Amino acid sequence: MKRGIDRRLFLSGALLGGGAIAAGGWAWAGQSLTPGHPGLLLRSEAPLPRPYQALLPVPAVLKPTRTDGTTDYYEITQRSASLRILPGLNTPAWTYEGSFPGPTLVSRSGRRTVVRHHNELPHPTVVHLHGGHTPYDSDGYPTALILPTGAHASSSGTPGMADMPGMAQAPRPAAGARTYTYPMDQRAATLWYHDHRMGFTGPNVWRGLAGFHLVHDDEELALSLPSGERDLPLMIADRSFAADGTFRYPALDAAQGTPGVTDPYMDGVLGDVILVNGAPWPVLETQRLRYRLRLLNASNARRYRLALDPQPPGGGGLVQIGGDGGLLERPLAHDELGIAPAERFDVVVDFSRYRPGTRVRLVNRLGSGRTAEVMRFDVSSSARPPADDSAVPARLSTVAALDPTHAVATRTFLFQRSSGGTGWTINGQPYRPGHSLATPRLGTTEVWRFVTDFHHPVHLHLNHFQVMARNNSSPGPYDAGWKDTVDLRPAESLEIVTRFTDYPGRFMLHCHNLEHEDMAMMADFVTE
Ligand code: C2O
Ligand code: CU
């Protein structure tokens, strides 16, 4: 009985994403098909290049179309483009401005950033600035569609949206373009923007809709961290390719009528090609100097454990200076970094610790064969390193600990597969737009507990949080600082503390395994 209800509610929600709904089977396959991994490997049919042939691309920084005393204005066109990812093959992609990753936006904390997105793709899209402290109407609510240019809001498959409970104030679909306003009243941090269309985030990001958005502030700029060409955003994402070079993805319905993937991939889709900034297993030639690497896992489902191979003498080569929500209080040296989908780790690597000419691979200790390789740094063979004017100070910033004893509420969220086999749920419920699981008051602190049955990278919109405890014990090695996404493994429980601030409205709590997210592991919470 319950199964029928869940399914109907979910599909009625899915309808808001536009297009006709076909009945597709989502019977749960029973177990994880790639043991230890959050998903199933989808093999490429195209011949794959050997690692370390391509040079690392760095996405271009987008220039504002205009600026005034308070605001920088940008225009982005979402359009199809043909990319050269594998040698000799073209890959049709959905892009921001023709590239994957999209162009990097760079904001200054406290200066408003206004981005107008035009949709020239064949399907509706939604843009979310991940890690942005953003008012509700610009946050990329999953049904706040940008319809393709030429489509009309009134005739585009959003029947009855205003009738849904709680949806009266929902942003309406916009025809052709939508303007997102980001106050940028937040710390320096590595943010990213990506598609967030309800039911279709997985295929849309897989096709290329993701880019970086960096925020700087005075505190960070005063630190003399490596900058300019030695401040590199690195978007790590796995993909699979068909024989003709097109992206392979096991969508139930390529025409974007029915959300979700075929049964065997319900745990998540794992690609067999590791891209960094859109290139397979690339190489970067480095000087024997410090580099700031802003690592982002933009994969749909794949988790990585990154390490330098060889390690520099003495180890601790990955010096973490920041996380999702900006600088840590103090640098934290790691031999390995666990990174789940959507997490960011801001690290400094000092290549002067290596002998001239060393080839340093960034490897993935959770991978095997080619998926154990990520990229390579070829350290300059010149014997005398140039003078390094950068530094990693012992004290980076102040991260005031939130006090959980001030929490006005403690809430528990269970991230589980649906008992009825219809997908994934939070507290037993598949996602329903307009139905909120929590109503926190602005200005108050709450403790949220996440409990899992499987690998779930849990993400909270609006406010960053601090991890208090993992399995009733201290936080893990990768939980430091302000976070917006946390990696939960099967049967874990994690407690976070956060303060809800500034913006009333309807925001999202969801799993960032994009197949789980599309198959309903998402919930609204409403701040007031
Ligand atoms: Cu990166 Cu709600 O998403
Ligand atoms: Cu999940």
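Identify the residue in the stretch 409-468 that is among the hydroxyl-bearing types (S, T, Y) and open to solvent by 20 Å² or more (accessible area, probe 1.4 Å) and, among all such residues, is nearest to M519 (Cα to Cα).
Once the filter is applied, the top-ranked residue is S419.
Where residues in the stretch 507-516 are surrounded by 22 or more Cβ atoms within 10 Å (Cβ to Cβ) and outside any loop (DSSP other than H, G, I, E, B), which of them is nearest to ligand 1 (Cβ to nearest atom)?
Applying the filter and picking the extreme gives H510.
List pairs: first residue in the stretch 443-467 and within 13 Å of ligand 1 (Cβ to nearest atom), second residue at pLDDT below 95 and open to solvent by less than 10 Å² (accessible area, probe 1.4 Å) anywhere in the structure, Cβ distance under 9 angstrom, at least six positions apart or on different chains.
Pairs that qualify, where the first residue is within 13 Å of ligand 1 (Cβ to nearest atom) and the partner is at pLDDT below 95 and open to solvent by less than 10 Å² (accessible area, probe 1.4 Å), are P457/P38.
Looking at G322, G315, can you tell me which residue is not assigned by TED's automatic domain parsing to the domain that holds I85 and not in a strand (DSSP E or B)? Working first, answer last.
Values: G322 fails: not in a strand (DSSP E or B).
Only one candidate qualifies: G315.
Could you identify the single residue in T246, T258 that is outside the structural domain of H123 (by TED's automatic domain parsing), of a type in the set (S, T, Y) and touching a helix residue (DSSP H, G or I) at 6+ places or on another chain (Cβ under 8 Å)?
T258 is the lone residue from the list that is outside the structural domain of H123 (by TED's automatic domain parsing), of a type in the set (S, T, Y) and touching a helix residue (DSSP H, G or I) at 6+ places or on another chain (Cβ under 8 Å).
Among the residues of the stretch 261-313, count how many are more than 16 Å from ligand 1 (Cβ to nearest atom), within 18 Å of E515 (Cα to Cα) and open to solvent by 10 Å² or more (accessible area, probe 1.4 Å).
5
How many residues are open to solvent by 20 Å² or more (accessible area, probe 1.4 Å) and within 16 Å of ligand 1 (Cβ to nearest atom) if we restrict to the stretch 469-486?
1
Would you check which residues across the stretch 189-226 are part of a loop (DSSP other than H, G, I, E, B) and either within 17 Å of the chain's Cα centre (by Cα) or of a type in the set (S, T, N, Q) (or both) and list them?
Selection gives H196, R197, M198, G199, F200, R207, G208, L209, S224.
Give the stretch 231-256 a look and list any residue that's of a type in the set (G, A, S), crowded, with 18+ Cβ neighbours inside 10 Å and in a loop (DSSP other than H, G, I, E, B), or say none.
Here is the first cut: in the stretch 231-256, the residues of a type in the set (G, A, S) are 237, 240, 242-243, 245, 251, 254-255.
Still in the list and also crowded, with 18+ Cβ neighbours inside 10 Å: 237, 240, 245, 251.
Matches in the stretch 231-256: S240, G245.
Can you find, within the stretch 98-122, the residue that is farthest from G326 (Cα to Cα) among those that are open to solvent by 10 Å² or more (accessible area, probe 1.4 Å), in contact with a Lys or Arg (Cβ under 8 Å, 6 or more places away or on another chain) and in a loop (DSSP other than H, G, I, E, B)?
My answer is E120.
In this structure, does D350 turn out to be over 26 Å from the mean Cα position of the chain (by Cα), in the same structural domain as V273 (by TED's automatic domain parsing) and touching a residue at least 60 places away in the same chain (Cβ under 8 Å)?
Here the answer is yes, as D350 does meet what is asked.
So, of the residues in the stretch 471-517 that are away from ligand 2 (no atom under 14 Å from the Cβ) and of a type in the set (V, I, T), which turns out to be farthest from D238 (Cα to Cα)?
Only one residue fits best here, namely T501.
The values are calculated or read from the model by the stated rules, or taken from the named source; none is laboratory data. Note that the structure is a prediction, hence the values are computed from the model and not measured. All Cβ positions, even for glycine, are placed from backbone atoms using ideal geometry, and neighbour counts span all protein chains on display. To get the accessible areas, we keep the full protein, side chains included, count just its heavy atoms, and leave off ligands, DNA and RNA. Shrake-Rupley method; radii C 1.70, N 1.55, O 1.52, S 1.80 Å.
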